[in-house]
Ligand code: HEC
Ligand code: HEC
């Protein structure tokens, strides 16, 4: 009996040792690196592309990269949940040494934005979004904007402290979050006249509503968004800038808990101007998308009306203890 216990003890000891070594490895080797295979790309941007890239950035990059100085020079990510560590977003201005646009080629920018692999091979962690379904035209517009003479992207020598991702974040980047494949065929957006398809393109590829508005970031299916658990059913817990938890809302057509009873006009007002039908303002981290045209907002509405309804009463989540 004693001997058996001793053997069990030894085996447990060895297991604890292995887990400890694995943990030490993850802790000290940090976020993994990968090979970089940027495409051979030289974006020929015209003024229309620069304008579109600027509009897109205002909806999907600025919230993280735009500083108080009005430049895309990066800043501290105040609303990143503490369990992921302390993170600064990158300086992506044209500064040759300190800005990503200054250092990266067009191909390297495209490669990073699609796959999540930076120029130096490092993996950009999950809090830097990836754009695997963005059309080539829109992707090239973002690059044309980053290279343009717009004031936000002019060289800034801002240098941030090194980010300190937590053990948990490093662990996730080893086991759960991997670089995405670089597309092998051109990606073309559907025409805006095909409302449902175009609305889906906006909501899952271009302005990305689904990741926030589904159940949990950790179960987002980036490659096949509609396979994400709780797709558009809301309830994803997100801290605001003061650390209060705000749950994303249910945008499915469910009549009781979703937006099935809303009118298209009410939806567009909430989306573009942050005003709900009950006259309450939509709170951060939802930011009003005033840069969308009414026609675009209308396609998102058409798409959301076409997806399966999910019953999920988000208001009830606020009643749970510990909130
Ligand atoms: C939710 C926040 C967030 C959004 C939105 C976001 N980024 Fe980032 N981005 C980051 C963070 C954080 C990093 C730093 C990653 C790291 O340290 O590895 C980063 C890194 C980068 C880099 C790499 C910089 C380098 O030094 O290698 C580029 C380029 C970049 N982002 C461009 C963009 C563009 C273009 C958009 C919009 C299309 C965008 N980002 C949207 C958070 C964000
Ligand atoms: C960064 C995460 C995030 C993104 C991206 C996002 N939302 Fe939201 N959204 C939220 C949160 C959180 C709320 C809840 C705010 C509140 O309760 O005050 C919300 C609320 C809303 C509401 C109000 C619904 C209601 O029941 O009152 C609408 C409509 C909406 N979002 C539509 C969209 C659309 C369409 C997109 C894409 C263009 C989008 N959101 C992108 C986080 C996000």
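The values are calculated or read from the model by the stated rules, or taken from the named source; none is laboratory data. Small disclaimer: the values here were computed from a predicted structure and weren't measured. Positions of Cβ are backbone-derived with ideal geometry, glycine not excepted, and every protein chain shown enters the neighbour counts.
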In the set 245, 222, the lone residue that is more than 20 Å from residue 271 (Cβ to Cβ) and within 12 Å of ligand 2 (Cβ to nearest atom) is 245
Residue within segment 96-108 that is surrounded by 14 or more Cβ atoms within 10 Å (Cβ to Cβ) and touching a helix residue (DSSP H, G or I) at 6+ places or on another chain (Cβ under 6 Å) present: yes
Checking residue 167 against (1) within 24 Å of residue 317 (Cβ to Cβ); (2) in the same structural domain as residue 113 (by TED's automatic domain parsing), which test does it fail? (1)
Helices (runs of 4 or more DSSP H) wholly in segment 1-67 with at least 2 residues that are exposed (fewer than 10 other Cβ atoms within 10 Å of the Cβ) - which ones? 2-29
Residues that are closer than 22 Å to residue 199 by Cβ: find the helices (runs of 4 or more DSSP H) completely inside segment 264-323 holding 2 or more of those. 264-273, 294-306
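Which one of 303, 247 is surrounded by 12 or more Cβ atoms within 10 Å (Cβ to Cβ), at negative phi, in contact (Cβ under 8 Å) with a residue 60 or more places away in the chain and in contact with a strand residue (DSSP E or B) (Cβ under 9 Å, 6 or more places away or on another chain)?
Working: 303 fails: in contact with a strand residue (DSSP E or B) (Cβ under 9 Å, 6 or more places away or on another chain).
Going through 303, 247 in turn, just one is surrounded by 12 or more Cβ atoms within 10 Å (Cβ to Cβ), at negative phi, in contact (Cβ under 8 Å) with a residue 60 or more places away in the chain and in contact with a strand residue (DSSP E or B) (Cβ under 9 Å, 6 or more places away or on another chain): 247.
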Given (1) modelled with pLDDT of 90 or more; (2) assigned to a loop (DSSP other than H, G, I, E, B); (3) more than 22 Å from residue 134 (Cβ to Cβ), residue 102 misses just (2)
With respect to residue 138, is the statement that it is closer than 30 Å to residue 200 by Cα, assigned to a helix (DSSP H, G or I) and within 11 Å of ligand 1 (Cβ to nearest atom) true? yes
Determine which single condition residue 233 fails, assuming it passes every other condition in (1) more than 10 Å from ligand 2 (Cβ to nearest atom); (2) surrounded by fewer than 17 Cβ atoms within 10 Å (Cβ to Cβ); (3) over 17 Å from the mean Cα position of the chain (by Cα); (4) touching a residue at least 60 places away in the same chain (Cβ under 8 Å). (2)
